[in-house]
Amino acid sequence: MGENPVQGPENPQNPPGWTPPHYGQQPPYGQYPPMPAPGGKGGTNTLAIVSLVSSFFVGIAGVITGHIALSQIKRTGEEGKGLAIAGLVIGYVMTLAAIVGVIAVVVSLFLAGVAADNAAGSPDGSNQKGGVSSTGNVPENSNAFGGIAFGQGGALVPPTTTDTRVDLTQLPEQGGQALDPAAIGIQASANGEPMQLVVFIDFMCPHCAAFEQSQGPAIQALQDQGKITVEYRPIGYLDRFSAGTNYSSRSAAAAACVASESPQNYKKFLDSLFTNQPAENSEGLDAAELGRLAQEAGAADITDCMDSKTYRPYVAFATGLASTHGVQGTPTVFMDGVQWQDGSFTDFAAAALAAKK
């Protein structure tokens, strides 16, 4: 499958002595980037301001001295009228240029401030002005953590939360939080109840596709036996690997549309997204292609849902929530409140089930 481009052995972000673990759990993949600081590139250079202001005053000085010189020449009859006129012309030109420069600086600073406000609106770098609202609805059949869960026979598991709206301004601050699964609805089940399996996925992540392909049948068998419930939480960690189209978030929002309108077809749509997974650093599938895959999976038409970006705020919220509570990459898998980190997933699941007896 190749080295992880974000957290591979040659990546300078890795700590000294880091070595890639066994495939059982891929190394953290797609660390969620912090929101850009307002302004982006720091303050305006001081000398640039001094230069602009100086040129303004030099121009004014040329105009003033030129008029004084012409007045004196007219009174005394001295030579130098041409020089005075030239000084006047240059002074006026420099003054006009300085005024235009001041206007340009003011306009550019204003536009930079607007851009910074738009970029700071949400974890994915956009708010309502930038195309994605900072608030939005939780899809039907889904919880406020970003997941939809299924039990034995593919039966829908009712959401464990009652929130119907998300607000990105209420997310915890980004940065360095320890793993805290309980804070995002991941915990051990009661004795005699099916174990909770939670899988954080990104539809642009090749390791997620590989996990579903290799472990999907075993997971499905445990689900059909009533031993586990399976909850999928699509997030947008790899948006920056889709040539500016935010494919991870777009595809996750499309999945949320299916979850709301056709939950019985959700798993088939999820599988189709991985089967038709685009290459990293491509633009990904467009809305028409996502809609076609949804219909081929038997889901209702999600065109309007995607066009209106109905669940983009929900995906951004789920992504930010996962990041701030220590989910460092995809796929990240929890079973009965414990994270699978390395080794065989089958052995991990068997041990968890045996410990529950």
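The table below lists the values:
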item	result
Residues (touching a Gly at 6+ places or on another chain (Cβ under 7 Å) and under 23 Å from Ile186 (Cβ atoms)) located in region 235-250	Ile235, Tyr237, Leu238, Ser248, Ser249
Enumeration of residues in region 145-165 that are in contact (Cβ under 8 Å) with a residue 24 or more places away in the chain and part of a loop (DSSP other than H, G, I, E, B)	Phe145, Gly146, Gly147, Gly151, Thr160, Thr161, Asp163, Thr164
One residue from Ser308, Ser282, Ser248 being polar (S, T, N, Q), at pLDDT 95 or above and touching a Leu at 6+ places or on another chain (Cβ under 9 Å)	Ser248
Number of positions in region 197-251 that are over 20 Å from Gly131 (Cβ atoms) and of a type in the set (Lys, Arg)	2
Search result, residues across region 75-95 that are closer than 15 Å to Gly62 by Cβ and loosely packed, with under 12 Cβ neighbours inside 10 Å	Gly82
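The values are calculated or read from the model by the stated rules, or taken from the named source; none is laboratory data. All values reported here derive from a predicted model rather than from experimental measurement. As a convention, Cβ positions derive from the backbone with ideal geometry for all residues, glycine included, and neighbour counts pool all protein chains shown.
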